[in-house]
Amino acid sequence: MAIWKQSIDLDRINAWNANTLVEHLGMRVTAIGEDHVSGTMPVDARTVQPFGLLHGGASVALAESLGSLAANLTLDSEREMAVGLDINANHVRAATSGLVTGSARPLHLGRSTQVWEIRIVDEDERLICISRLTVSVVPRRSPKPV
C-alpha cells in the first residue's frame, strides 16, 4: 500500500525544482513507487570536485532533495511540511562520469519526525553513498509548491 498523501505526477514534481539547486545540479525525479522516491543526477562539471570525482556535497544534496521530497509527499500539504533536521552520509565509492541514482525509503514515519535512508548507486548498481536524513514535521508556514 502506497504511503503517499499527495497525488504523484512526475512532471509537476520536477517543475517544483525550477530555479533551485536541484535544477542547477541536473537532478530529476524519475520514479515514485509504493514506498520510495528515486531520482538521478549527472556526474559532470556541476557535480565533481577538482580531482574529477563526484563531490560528496553533491551526493548529500541529492540525498536531502530526494528524502525531503519523499517526506513531504507523505504529509497533508495544506497543514504541514517536513524540514531537514539532520543528515549524515558515508561515501563508499567514487564516481567519475555518467549518472548516479538515489532512492529514498522510510525507516520511521512518525507524527513529529521522519527518518529516511537514501542509497545512491552508479550505473552499474555499485553503492556510491548511503545517507540517513531526519526531518521534522512542522505546521506549514510558507506557500506550498504549485
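Once the Cα atoms are used to define both axes, helix 56-73 deviates from the longest principal axis of the chain by about 20 degrees.
The value of relative contact order for region 10-139, using C-alpha pairs under 8 Å at least six residues apart, is 25 percent. Among H91, H108, the ranking by other beta carbons within 10 Å of each residue's beta carbon, starting with the fewest, stands as H108, H91. Only the Cβ atoms of Lys and Arg (+1) and of Asp and Glu (-1) were treated as charged; on that basis the dipole of region 14-146 about its Cα centre amounts to roughly 320 debye. Toward the positive end of the charge dipole of region 10-139, with +1 on the Cβ of Lys and Arg and -1 on the Cβ of Asp and Glu, the farthest Cα among N88, A31, V100 is that of N88. With θ taken as phi - 60° and the Karplus curve 6.51 cos²θ - 1.76 cosθ + 1.60 applied, the whole-hertz 3J(HN,Hα) list for region 125-136 is 6, 7, 5, 9, 8, 10, 9, 10, 10, 10, 10, 9 Hz, x standing for glycine and proline. Near the amide H of T113, within less than 5 Å, lie the amide hydrogens of V137, all on another chain or at least 5 residues away, with H placed in the peptide plane.
Calculated mean residue ellipticity, 222 nm, the chain: -5500 deg cm²/dmol, from DSSP H runs (n ≥ 4) at -39500 (n - 2.57) each, averaged per residue and rounded to 500.
Where a number appears in this text, it was derived from the coordinates with a stated rule and is not lab data. Everything quoted here is computed from the prediction, not taken from an experiment. Virtual Cβ from ideal backbone geometry, glycine too; neighbours counted across all protein chains shown.
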